[in-house]
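First up is the structure itself, then whatever we jot down about it.
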Amino acid sequence: MVVLAASIISKSGKALVSRQYVDMSRIRIEGLLAAFPKLVGTGKQHTYLETESVRYVYQPIEGLYLLLITNKQSNILEDLDTLRLLSKLVPEYSSLDEDSICKTAFELIFAFDEAISLGNKENVTVQQVKQYCEMESHEEKAHKLMMQSKINETKDVMKKRASELDKIRMEKGKLDKGGYSSISGPRVIEKTFSDMNISGTGFGSGSGLSGIGADMDSFASKPKGGRPSAAATAPGKGFGMKLGKSQKTNQFLESLKAEGEVILEDAQPSSVSSRASPLIPSDPITVTIEEKLNVIVKRDGGVNNFDVQGTLALQVLNDADGFIQLQIENKDVPGLSFKTHPNIHKELFNSQQIVGAKDPNRPFPSGQNETPLVKWRIQGMNESNLPLSVNCWPSVSGNETYVNIEYEASEMFDLNNVVISIPLPALREAPTVKQIDGEWKYDPRNSVLEWSIILIDQSNRSGSMEFIVPPADPSTFFPISIGFAASNTFSDLKVTGIHPLKEGNPPKYSQRVRLVAANYQIV
């Protein structure tokens, strides 16, 4: 260890650029540089001086000093040789004035690093240092040109599609002006997407739940035989033009997929209609009960945070069906607290567990949007209440790290679409999976291994996975993120009946119940 630092300072001792090659605090290096001008005498021919702890090897360059700080045991001849190399490099990157030195500070530091490694001079020339810093690569240029050409081709395809869609709109406008009317494909798509939007406004002016997926929902239908809505029984037929993809565009998309990008395919009218149809309620009234988990578990045991937040939301299709009250019941859970909407009758809710409006002459809002009526929270739960526990055991053996992961699921819930995401160190290729209960997928862009189990029930309450990666620190595999859904909740809240406020039979209704892991991590 010879060179401690390489610096460029002003005559007054102001540090312009300084590169340290040993662990040294900022106060220490600033003190050494500030003391140097006081030690330099006038009229002396030699270009080094020593103190009790370090040696300064320097060279004046116009109004500045190029300075090496070394230990006293270093070879002075090698230090002078290093100083001569640095004095040739500085004019290559900067003018010899303070402003120019500060503007090119990083270029000078990179050049110093090529000339000095771990305090020792590298056997390089000025031209080699410049070449190493530029690092010009023919392969990189070719790759950039190829990617740019693919981008340009994709832009051309997009322009052609846009012009074709403009022509279709113009022809459609001419037909409408001529007195013709038709149900076209784009209209069906637009209506379908509006039906899919179930992010509602609140009862009065609050905000509601959004993104309720039909594949996770549990429908507990009450009196059956409800008449399906017109949109569910008679979907419109589309006659829109189908635009195909060019071969070049497909090749570009495939190359992006190979790099780990997620490509969203174009939605066709038929597929959109089929996906949207389960979301269209078949009953006049739909109740959605959802609980979200926010859990942070320590890797060595114990829980940092365990928070359950629930919402009861109501969707009424017709105004006439809005004059109702909901009778609910729930399990007695410690730490459970409710909060009702301001327009809900709180005394009625607290005494009889009935969700009804303060003003009985005011119906619940109707339409395709959901209205949140009741929210609740459960706090103070411990590790024994976790729906899913995950343990990770990394161990280094030689040039490999063996990682064993196991899960244990609670008897309380059957979990759907479980995904356990384990962060990995940067890898050149996918990890070697030796054993797994379920399926796995490696995301090279984010360096994450995803372990998927479609369903966890009585048949597979526990499972494990083992994979191998190059040597890595055990903390690399944390935090582990977990996602899942279930068809029952901690509070076990449900609607047991609907009471009409006006004469007539109770309207038909259905309810959706689910538990989702909003933020579930092992840290």
Between residues in the range 419-436 that are touching a residue at least 24 places away in the same chain (Cβ under 8 Å) and residues that are outside any strand (DSSP E or B), which pairs lie under 6 Å by C-beta distance while being six or more apart or on different chains? Ile422/Phe477; Leu424/Ser447; Pro425/Ala472; Pro425/Thr476
Of the listed residues (Val303, Val333, Val316, Val308), the one being open to solvent by less than 40 Å² (accessible area, probe 1.4 Å) and under 30 Å from Trp393 (Cβ atoms) is Val308
Filter the range 83-130 down to the residues that are more than 20 Å from Val57 (Cβ to Cβ) and among the charged types (D, E, K, R), then identify the one that is farthest from the chain's Cα centre (by Cα). Asp97
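Return the residue satisfying two criteria in turn: it lies in the range 488-523 and is among the basic types (Lys, Arg) and closer than 29 Å to Asp332 by Cβ, and of such residues it is least open to solvent (accessible area, probe 1.4 Å). Before the answer, list the steps.
Applying the first criterion (among the basic types (Lys, Arg)) to the range 488-523 yields 494, 502, 508, 512, 514.
With closer than 29 Å to Asp332 by Cβ added as a condition, the list becomes 494, 512, 514.
On the way: Lys494: 83, Arg512: 8, Arg514: 28 Å².
If we take residues in the range 488-523 being among the basic types (Lys, Arg) and closer than 29 Å to Asp332 by Cβ, then Arg512 is least open to solvent (accessible area, probe 1.4 Å).
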Here are the criteria: (1) open to solvent by 40 Å² or more (accessible area, probe 1.4 Å); (2) assigned to a loop (DSSP other than H, G, I, E, B); (3) closer than 30 Å to Pro474 by Cβ. Tell me which single one Met381 does not satisfy. (1)
I need the full set of residues from the range 107-145 which are on the phi < 0 side of the Ramachandran plot, modelled with pLDDT under 80 and assigned to a loop (DSSP other than H, G, I, E, B), in order please. Glu136, Ser137
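Need a quick list: strands (runs of 3 or more DSSP E) entirely within the range 269-357 having at least 1 residues that are modelled with pLDDT of 90 or more, of a type in the set (A, V, I, L, M, F, W, C) and within 20 Å of Asn519 (Cα to Cα).
Working: elements: 285-297, 303-316, 324-329, 336-340.
Per the criteria, 285-297, 303-316, 336-340.
Can you name every one of the strands (runs of 3 or more DSSP E) wholly within the range 400-446 that holds 1 or more residues which are more than 25 Å from the chain's Cα centre (by Cα) and among the polar types (S, T, N, Q)?
Values: elements: 400-409, 415-423, 432-436, 439-443.
Ranges flagged: 400-409, 432-436.
Among the residues of the range 101-116, what is the count of those that are touching a helix residue (DSSP H, G or I) at 6+ places or on another chain (Cβ under 6 Å) and open to solvent by 50 Å² or more (accessible area, probe 1.4 Å)? Before the answer, list the steps.
Within the range 101-116, the first condition is being touching a helix residue (DSSP H, G or I) at 6+ places or on another chain (Cβ under 6 Å), and the residues that meet it are 104, 107-108, 110-111, 114-115.
From what is left, the residues that are open to solvent by 50 Å² or more (accessible area, probe 1.4 Å) are 107, 110, 114.
Here the count works out to 3.
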Just name the residue that is nearest to Glu406 (Cα to Cα) out of those in the range 460-487 that are open to solvent by 50 Å² or more (accessible area, probe 1.4 Å) and part of a loop (DSSP other than H, G, I, E, B). Pro479
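The values are calculated or read from the model by the stated rules, or taken from the named source; none is laboratory data. Just so it is clear, the structure is predicted and the values come from calculations on it, not from any experiment. Quick reminder, even Gly has a Cβ in these numbers, built from the backbone with ideal geometry, and neighbours come from all protein chains shown. Heavy atoms of the whole protein, side chains included, go into the accessibility calculation; ligands, DNA and RNA do not. Shrake-Rupley method; radii C 1.70, N 1.55, O 1.52, S 1.80 Å.
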